[in-house]
Each structure stands twice: as structure tokens, then as C-alpha cells.
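Contents: one structure, followed by commentary.
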Amino acid sequence: MPSSFDPHHVSASYSSLASAYIDLFASPEQAELEDRELIAAWAGQLEGPVLDAGCGPGHWTQFIADAHRPATGVDLVPEFLHFARRNFQKPDFLRADLAQLPFEDHHLSGVLAWYSVIHAPPAELPQLLGEFARVLKPRGKLLLGFFAGDQLEAFGHQVAPAWYWPPGELELLLETSGFSVLEVGTRTRSTARTHGQLSAQKAG
């Protein structure tokens, strides 16, 4: 396991598996119904520009975009961005590091981070959450998808080392990063690791 977090190392790992990843995940219809319903309900609260942070092949960026909610997807994996630009017309797609987002302060109404911070070690995650808070408007909304566990620990994800987070610990971290947590939930899945979801609002 790398001794320090390098998002470009993670990006290179995803690049090597991009074709298989796209085949498995590049449409919301391939996701669980509960995920589609949750993300649709969250996006429906928003008006103004939104960000899909770590957008992968862009399927959720397209899913949340509409005329009142222009969406931008950012990712570091060139193969994902190429696929997204070729297949989805409504959103914009940019190559960017989540720790240095190319947006002005207080610009966005919402940030979706759906399993996009799972590889960030605990010491590095506050920087990413702080960056999400920076680009969100006051009372802007954040929705996180993550792997939930009974204790904070790393595991050997197929692409790169990832982390289980106890929902309560992640909630506390968000609160210290300028957010008020609105809802936390988990869902046990028979064929996959336990899903966690957390919605939060930037302080007004």
C-alpha cells in the first residue's frame, strides 16, 4: 500500500481498467434502484450549477443535469472523460484534481461525491471536504456515497487501496469541515460491501 496518497497513482490504476469499468458502471440503469432514487431526490432540491466530483464515465453527471441545474463532471482519468464527452451532451467535463477544483468560491449549489473519495486516506480526506465546502454556496448541498464499516480501516480495493468509514466518524469529520449533516444511512448488499450515504449542507 502506498505510504502517501497520490491521486495520479489512483488515476493511472483506473485508466488501466477503464474499459471494464465503463462496461460495468457507465449507465445509471446499471446502478441499484435505491441509488437512482436517492440521487434524483437530492438533485431535485437544487437550482444552479452542480458538480459531480470524481465523475468517472459521466453517467451520474448526465443524470443530475437539467436546464435549471447545469452540471459539470470532473475526473483525472482521461479515458473516462473521453467516454463522457462522446456520449453525454448536457454536462461539461473537465480534468481536475478534487483537491484543487477549478471553480470560484461559493459557486455551486450542490456537489455529488459518489464513491469518489473512497481512496483518500483519513488524513487526506479533510482537504477534499474543505475544497467541497469552498466551492459550495452557503447552504449548498453535498451527497457522499462511501463504503460503510464498523471501524475505520483500509482494504484492498481492486483499483487502489480504499477505506471503510463508520458513518458516525464520517459525520463528525464533515461537521468539522463546515457542514451540517442532514441524513446518514447504510444499506447491506448481498453481493457487495455495505453501502453508506451521507447528505450534508454547508453552513449558511
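The values are calculated or read from the model by the stated rules, or taken from the named source; none is laboratory data. Keep in mind the model is a prediction, meaning the values are calculated, not measured. Counting neighbours? That spans all protein chains shown, and the Cβs are built from the backbone with ideal geometry, glycine included.
May I ask you to say which residue of 4, 13 is in a helix (DSSP H, G or I), among the small types (Gly, Ala, Ser), surrounded by fewer than 21 Cβ atoms within 10 Å (Cβ to Cβ) and modelled with pLDDT under 95? Talk me through it step by step, then tell me what you get.
Values: 4 fails: in a helix (DSSP H, G or I).
Step by step, each of 4, 13 is checked, and only 13 is in a helix (DSSP H, G or I), among the small types (Gly, Ala, Ser), surrounded by fewer than 21 Cβ atoms within 10 Å (Cβ to Cβ) and modelled with pLDDT under 95.
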Original post:
Which of the residues belonging to the stretch 57-95 are at pLDDT below 95, part of a loop (DSSP other than H, G, I, E, B) and among the hydrophobic types (A, V, I, L, M, F, W, C)?
Top reply: 67, 76, 77, 88
